[in-house]
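*Asks:* My structure is below; once you've seen it, I'll send some questions.
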Amino acid sequence: MEKTPTNVPENVIDCPAADAGEQPVIQIENLCTQFGDVVVHENVNLTINQGEIVSLVGGSGSGKTVLLRQMLGLTHPASGTVRIFGEDINQISQQELQKLRNRWGMLFQHGALFSSLTVFDNVAQPMRELRVLPKELIREAALLKLHMAGIGPEHALKMPSDLSGGMIKRVALARALALEPELLFLDEPTAGLDPNASESFVDLIRTLRDEMRLTVVMVTHDLDTLFALSSRVAVLADKHIIAYCEPAHVVEFKHPFIETFFRGERGLRAIEAMPDAQDSESESKEEKRPEIQPQHRQDNAP
Ligand SMILES: Nc1ncnc2c1ncn2[C@@H]1O[C@H](COP(=O)(O)OP(=O)(O)OP(=O)(O)O)[C@@H](O)[C@H]1O
Ligand SMILES: [Mg+2]
C-alpha cells in the first residue's frame with residue numbers, strides 16, 4: 001500500500017492490487033503539479049503493478065490528462081517522483097527516456113494523428129523511427145495493428161481528415177500498439193466510439209492483457225468499459241487520489257464526485273450490467289455485488 005502523506009484527506013480509501021505479488025510498473029510518490037498559481041496535484045501517490053488495468057477518473061479539469069503526461073515525462077512535477085519500470089523519469093537522460101518510450105504506447109485524448117501522414121504512415125512511423133525493421137515487416141505489422149484496432153486495409157491510404165472521430169481513435173490505438181508495448185496509456189479511448197466498437201475495444205484490451213501481460217492506465221468516462229476492464233479505479237478529486245480500489249468498492253465511497261459519477265443514471269446501468277460483464281471474474285468480486293445493488297436501488301427509488 002502507498003504511503004499516505006499527512007495532508008491527504010483522512011477518508012481516502014486505498015486497497016492493494018488483487019495480485020499484490022506483482023512488480024510495480026508505475027510508482028508515483030508525493031507528486032505535486034502546479035501551473036503558475038494553479039495547483040493541479042497535491043501529494044498524489046499511485047502504484048500500478050504489472051498486468052493491471054487501472055482506470056483514472058475525475059471531473060473535467062481535475063488533472064487526469066496532466067497526470068498521464070507526468071507519467072510520460074511530458075510534464076514535469078513541481079515536486080515528487082514518477083518512476084516507470086523503476087526509472088525516475090525526471091532524472092534520466094533523453095536517451096534513456098527514449099528507450100523507455102519504446103516500451104510504452106500512448107493514445108492521446110484527441111487522437112493526435114499526424115495530419116499530413118496517411119493512416120498507414122501514422123502507424124508505421126514509430127516502427128520506422130527505430131531504424132532497424134525491414135520495410136516489408138513494417139508493412140505487415142502496421143496492417144496487423146490496424147486490423148486489431150478494427151481498421152481494414154481499404155482505409156490505409158486515407159488521410160486523418162477523411163476519417164470519422166471514432167476511426168481516428170482506432171487508428172491512434174493501432175499506433176499506440178505499433179511497438180508492442182508493455183505499458184499502454186489511454187486517454188478516453190472509447191469516447192466517440194459506437195457501442196459495438198467499444199465492445200471490440202474491451203475485447204482487444206482484455207486479450208492483450210491476458211496474452212502479453214500488458215499494463216494499462218486508462219482515463220475514461222465510459223462506465224461500461226471501466227467496469228468491464230479495471231482491476232482498480234483511481235479517483236482524482238480535490239487535487240488528490242481520493243480512492244484507489246477495485247470497482248465494486250470504489251462505488252461505495254462517500255464523496256460528491258463518486259456519487260454523481262457512479263450513482264447517476266449511467267452508473268446504475270453499468271453497475272447493473274456488472275454480473276454479465278464480470279461472469280468470468282473471481283468469486284470474491286461476485287460476493288461484493290449484492291452489497292452495491294440494493295443500496296443503489298434504495299438511494300434512487302422513485
Ligand atoms: N500546460 C498547461 N498550462 C497551464 N495549465 C494547464 C496546462 N495543462 C493543463 N492545465 C490545467 O490543468 C488542469 C487539469 O487539466 P487536465 O487537462 O489534466 O484535465 P482533465 O482532468 O484531463 O480534464 P478533461 O476530463 O476535461 O479532459 C486544468 O485546469 C487545465 O487548465
Ligand atoms: Mg483530459
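All of the numbers you see were taken from the coordinates with simple rules; none came from a lab. Please read all numbers here as calculations on a predicted model, not as lab measurements. Note: ideal-geometry Cβ built from the backbone for every residue, glycine included; neighbour counts use all protein chains shown.
*Asks:* Find out how many positive minus negative residues lie around I48, taking Lys and Arg as positive, Asp and Glu as negative, among other residues whose Cβ is under 10 Å from that of I48.
*Replies:* -1
*Asks:* Given charges of +1 on the Cβ of Lys and Arg and -1 on the Cβ of Asp and Glu, with all other atoms neutral, how large is the dipole of region 104-180 about its Cα centre, in debye to the nearest 20?
*Replies:* The calculated dipole for region 104-180 is roughly 80 debye.
*Asks:* What order, most packed first, do the peptides 61-72, 242-253 have when packing is the mean number of other Cβ atoms within 10 Å of each residue?
*Replies:* Top of the packing list down: 242-253, 61-72.
*Asks:* Taking amide H positions as placed in the peptide plane 1.01 Å from N, state which residues far from I53 in sequence (5 or more) or on other chains have amide H under 5 Å from it.
*Replies:* V216, S231, R232
*Asks:* Using the structure shown, select from K99/K254; K99/K145; K64/K145; K158/K239; K99/K135; K169/K239 the pairs with a Cα to Cα distance greater than 31 angstrom.
*Replies:* Distance filter (> 31 Å) returns K99/K254; K158/K239.
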